[in-house]
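One structure below.
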Amino acid sequence: MFYLDSENSTLKGVGVGIRFVALLIDGLVLLPVSYILALLMGTAGSNGFQLDGLGFWVSSILGFCYYFFFEGKLGATLGKMAVGLKVIKVDGSPCDMQAAAIRTLLRVIDALPFAYLIGVISIWVTELNQRLGDRAAGTIVVRAKSLG
């Protein structure tokens with residue numbers, strides 16, 4: 001399957017807005033997991049919850065595994081699926097586990113200094129709308145439409 005811009009038959013990455021919606025949905029998927037971890041670690045109460053120490057690291061590893069698995073195996077997280085996006089390689093082939101690992105590891109840098117500011121700027125200034133993780137992994141986030 002190739003994901004192309006129908007006007008000129010070239011790859012076209014999506015912008016910040018739709019990716020942000022997908023990120024919010026992914027956050028809603030991961031939030032209950034973090035809350036359960038906080039309950040198990042005794043750091044949840046009527047005023048909310050906090051993850052630090054072991055709970056923070058377990059939650060971070062589970063988040064990494066979520067992005068790594070879904071993007072590496074299916075080409076999209078649940079959030080991306082919900083809004084009709086897919087991660088593919090810049091040559092049009094499916095995202096693989098290696099590319100998904102690179103994208104996910106660099107999510108830490110893309111999220112700096114806060115709220116994905118580096119990732120947003122990178123998406124705005126690159127020709128294919130790629131964050132740093134996409135550029136390093138050779139991937140692009142596109143609308144999931146099949147030609148043919």
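Quick note: the coordinates plus some simple rules give every number you see, no bench work behind them. Treat the numbers as computed from the prediction; the structure is a model and nothing was measured. Reconstructed Cβ throughout: ideal geometry from the backbone, glycine too, with neighbour counts over all protein chains shown.
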Query raised in the report: For the Cα atoms of the chain, what angle does the longest principal axis make with the long axis of helix 54-69, in degrees from 0 to 90, nearest 10?
Result: 20
Report task. Please give the calculated 222 nm ellipticity per residue for the chain, where each DSSP H segment of at least 4 residues contributes -39500 (n - 2.57) and the sum is spread over every residue; nearest 500 deg cm²/dmol? Result -> -15500 deg cm²/dmol
Report task. Quote the charge dipole size of region 16-143 about the Cα centre in Debye, to the nearest 20; the model charges only the Cβ of Lys and Arg (+1) and of Asp and Glu (-1). Result -> 220
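What FRET efficiency would be calculated for the residue pair ILE18, ILE61, taking the C-beta separation as r and a Förster radius of 30 Å, to the nearest 0.05?
Numbers: r = 27 Å, r/R0 = 0.92.
Rounded to the nearest 0.05, the efficiency is 0.65.
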Query - Farthest positive-ward along region 16-143 dipole, Cα basis, beta-carbon charges - from VAL33, VAL120, SER60 - result: VAL120
Requested in this report: Report which label in (i) 55, 30, 25; (ii) 60, 42, 25; (iii) 74, 28, 18 holds the value of Cα extents along the principal axes in Å derived from the coordinates of this structure.
Outcome: (i)
Requested in this report: Mind checking which aspartates and glutamates have their Cα closer than 17 Å to the Cα of LYS12? Skip sequence neighbours fewer than 8 apart in that chain.
Outcome: ASP91, GLU127, ASP134
